[in-house]
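Following: one structure in structure tokens, then a few remarks.
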Amino acid sequence: MVEAFAVASGKGGTGKTTSTLALGMALSADYDVTVVDADTGMANLLFHAGLDDAPVTLHDLLIEGTATDVSEATYDRFGMSVVPCGTSLAGFEAADPVRLRDVVAELAADTDVILLDSPAALGSKSAVLPIVLADRTVIVVEPTIPALSDALKVQEYARSYGTETAGVLFNKVRGEFDTIAERTDRHFGGPILAGVPDSDAAREARRAGKPLLAHAPESEAAVAYRRAADRLDVRDGDGDRVADRFSSAVVPDTP
Amino acid sequence: MTDGTDRPGPDRSPSGGDPQELHIPRGTLLRSRVVSDVATPLETALERSLIGYATIVPQETLLLSGEARGVITFEEGVPVLVYNTVTDNGGPEALAELAVPGPYRVELYAVEAAALTAAHGAEALRVAPGSVATELADAPDLAERTRAAAPADRHDEGGHEGADALASFLADDDRIEAIREQAREEARSRAAEWGLTDALDTTAGTVEDR
């Protein structure tokens with residue numbers, strides 16, 4: 001185990017899931033990568049990864065009393081291990097979000113990099129857990145004032161739990177970007193990883209049920225994501241220690 | 001009703017030009033509401049192809065050093081200029097100052113088209129067609145429809161619309177620190193609510209920039 005990142009944004013529609021899978025695929029060139037859809041209330045990673053019909057998902061792992069093994073909800077796709085989450089309301093309601101800690105701890109023992117696709121808003125305990133559990137965050141942001149305001153908020157929430165920013169990824173960038181990148185840099189704890197241009201490729205990939213890097217690997221956006229992954233300084237960690245930390249993370253078992 | 005009152009406020013020019021060039025008559029009040037989402041009056045303006053202006057007063061002034069009172073003019077429902085009568089700033093800078101969380105008190109006024117001609121000549125106060133929907137309302141669909149409704153000669157203003165307003169926001173260190181401070185306090189109170197206080201990093205918040 002090297003490091004667990006929460007991919008977060010603070011608002012919807014920024015392309016967080018596209019970014020999570022793109023970073024995952026790019027990082028899988030050098031690391032054993034596991035991607036988890038930790039947005040248990042509004043899961044959509046399964047649609048991006050061609051896993052619409054996955055029989056077992058994270059929801060099943062989060063329901064108390066089920067004997068489901070983590071491996072049953074883990075699928076090898078596009079060079080990564082993918083743990084999708086179901087989309088049923090019943091599954092969400094039955095799930096105990098705190099069990100995410102145990103799932104992540106178990107996955108951590110057997111992979112290099114974990115990417116937790118996190119809920120957009122920080123309005124509930126289940127939504128905030130991924131940034132509590134992660135080592136660091138990757139913040140995905142559109143170049144607008146509302147999005148940057150929310151990104152700053154995510155950074156402070158994460159820091160409150162001791163989770164520092166690994167980098168900021170700008171998505172849906174149009175036109176000149178250098179001034180924005182330069183002025184953003186000093187407000188965040190990690191570097192600006194890339195400015196991913198607004199493009200139809202991501203929308204087409206989503207419709208095709210494939211990650212962007214599999215659907216349009218030579219697109220400008222895909223190139224930018226690979227550059228972002230290169231700039232992300234994945235830190236070496238002691239797998240056992242990290243797994244221990246997850247196991248003993250001070251998260252009460254009752255809501 | 002056109003009573004000649006300089007209701008929008010920009011009676012004096014921030015650029016030091018003719019004080020009368022920004023004079024806008026009061027016009028006819030169409031509606032006055034407190035809204036949580038500024039997209040609603042922008043939708044109304046677009047649907048009615050409003051020729052006139054809106055006054056926008058954020059009710060939450062915590063993130064601003066003082067009060068903000070914005071004036072946004074419209075041509076055929078598409079925003080043309082933005083002005084903050086409190087700071088005397090216009091254009092992207094004023095847009096950044098007004099881009100704070102709601103609610104806002106918004107009033108929409110209709111005026112004669114000719115009444116806006118002089119004001120719309122003030123280049124420094126102009127903003128790109130979709131930028132108000134993007135930066136104030138966080139409404140990409142509305143921004144797209146507004147861009148589509150803009151006349152052909154304004155289409156080239158949309159290349160990196162909002163970039164200037166965002167750059168202005170990012171340069172405002174006091175405001176960004178206020179957002180961060182508010183988020184830190186909120187994170188702590190929500191942690192208590194969710195039973196996560198023990199998971200908080202007790203050293204967090206004591207270091208400004210790590």
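Out of all the residues in region A:173-191, which are within 9 Å of another protein chain (Cβ to nearest Cβ) and either aromatic (Phe, Trp, Tyr) or touching a residue at least 24 places away in the same chain (Cβ under 8 Å) (or both)?
Result: A:Val173, A:Arg174, A:Phe177, A:Ile180, A:Thr184, A:His187, A:Gly189.
State whether one or more residues within region A:15-32 are among the β-branched types (Val, Ile, Thr), over 18 Å from A:Thr111 (Cβ atoms) and modelled with pLDDT under 95.
No, region A:15-32 contains no residue that is among the β-branched types (Val, Ile, Thr), over 18 Å from A:Thr111 (Cβ atoms) and modelled with pLDDT under 95.
Would you please name the residue that is surrounded by the most Cβ atoms within 10 Å (Cβ to Cβ), looking only at residues in region B:87-103 that are within 14 Å of chain A (Cβ to nearest Cβ) and not in a loop (DSSP other than H, G, I, E, B)?
Result: B:Leu95.
What number goes with the only condition from (1) among the small types (Gly, Ala, Ser); (2) at pLDDT 55 or above; (3) not in a strand (DSSP E or B) that B:Ser32 does not pass?
Going through (1) among the small types (Gly, Ala, Ser); (2) at pLDDT 55 or above; (3) not in a strand (DSSP E or B) one by one, B:Ser32 breaks only (3).
Return the residues of region A:199-222 that are under 20 Å from the mean Cα position of the chain (by Cα), surrounded by 18 or more Cβ atoms within 10 Å (Cβ to Cβ) and assigned to a loop (DSSP other than H, G, I, E, B); say none if nothing qualifies.
A:Lys210, A:Pro211
Looking at A:Leu51, A:Leu23, A:Leu58, A:Leu115, which one is touching a strand residue (DSSP E or B) at 6+ places or on another chain (Cβ under 7 Å) and surrounded by fewer than 23 Cβ atoms within 10 Å (Cβ to Cβ)?
Going through A:Leu51, A:Leu23, A:Leu58, A:Leu115 in turn, the sole match is A:Leu51.
Of the conditions (1) of a type outside the set (Phe, Trp, Tyr); (2) out of contact with any helix residue (DSSP H, G or I) (no Cβ under 8 Å at 6 or more places or on another chain); (3) in contact (Cβ under 8 Å) with a residue 40 or more places away in the chain, A:Arg203 fails just one. Which one is it?
Just one mismatch for A:Arg203, condition (3).
Among the listed residues B:Leu81, B:Leu108, identify the single one that is more than 14 Å from every other protein chain (Cβ to nearest Cβ), in contact with a strand residue (DSSP E or B) (Cβ under 8 Å, 6 or more places away or on another chain) and within 16 Å of B:His23 (Cβ to Cβ).
Unique residue meeting the criteria: B:Leu81.
In region A:152-172, which residue that is crowded, with 18+ Cβ neighbours inside 10 Å and assigned to a loop (DSSP other than H, G, I, E, B) is nearest to the other protein chains (Cβ to nearest Cβ)?
The selected residue is A:Tyr161.
B:Arg184: part of a helix (DSSP H, G or I), surrounded by fewer than 22 Cβ atoms within 10 Å (Cβ to Cβ) and not assigned by TED's automatic domain parsing to the domain that holds B:Val78, yes or no?
yes
The values are calculated or read from the model by the stated rules, or taken from the named source; none is laboratory data. This one's a predicted model, so the numbers in the text were calculated from it and none came from an experiment. FYI the Cβ positions are ideal-geometry reconstructions off the backbone, even for glycines, and counts take in every protein chain you see.
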